[in-house]
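Okay, so here's the structure we're looking at.
The values are calculated or read from the model by the stated rules, or taken from the named source; none is laboratory data. Source: prediction; values computed, not measured. Glycine also receives a Cβ, built like all others from the backbone with ideal geometry; neighbour counts cover every protein chain displayed. Surface areas here come from the heavy atoms of the whole protein model, side chains and all, with no ligands, DNA or RNA. Shrake-Rupley method; radii C 1.70, N 1.55, O 1.52, S 1.80 Å.
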Amino acid sequence: MFKSFLLFTAVVLLVTAAASAPARPPQDASATPNAKSGGRLSPEAHARAKKLYEQDCALCHGSSGDGKTDLAKDMQLTLLDWTDPKALSAMSDQSLFDAIRKGKGKMPPEDEGRAKNDDIHSLVLYIRKFAATGAPAAEPAATPASETAPAAPPVTPAPSR
């Protein structure tokens, strides 16, 4: 009888301790530094995404993202025109990520050895830029010198005597 009382007390204490412990938010596997940046890529991430796109995506999707390539025609693929803002509007970043990482239809998966998850997230943002510009996303512009340092006053020649 004493053993069952001790067992019951231990169970009650464990349940009480677990119930009073603060709940931790679930880990979101899709959370990335890019999501926190409001959809902006650093120049380094942009360059990696552009290189990855040119190596692994442009062959079928086209350098402009319009999906009209000879290979796509030969494979009888009808690809979305990413330069059209409506083309990707219904797709979440996570669904694009999954399609790239796992492959979809005739599209092969992007091996983790070739591209880390952060690179794929950057690639998703890079692809979304096609619709905003109607063309491949341009390199982020470096800050012009005129914005970082005040302009020097113009030099005027000394009056001649």
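If you check ASP56 against the conditions, is it open to solvent by 30 Å² or more (accessible area, probe 1.4 Å) and in contact (Cβ under 8 Å) with a residue 12 or more places away in the chain? Yes. Taking (1) open to solvent by less than 80 Å² (accessible area, probe 1.4 Å); (2) assigned to a helix (DSSP H, G or I); (3) modelled with pLDDT under 90 in turn, ALA132 satisfies each apart from (1).
Can you tell me how many residues within region 66-87 are among the acidic types (Asp, Glu) and open to solvent by 100 Å² or more (accessible area, probe 1.4 Å)?
2
Candidates are the residues of region 51-75 that are of a type in the set (A, V, I, L, M) and out of contact with any Lys or Arg (no Cβ under 7 Å at 6 or more places or on another chain); the one that is nearest to SER122 (Cα to Cα) is LEU52.
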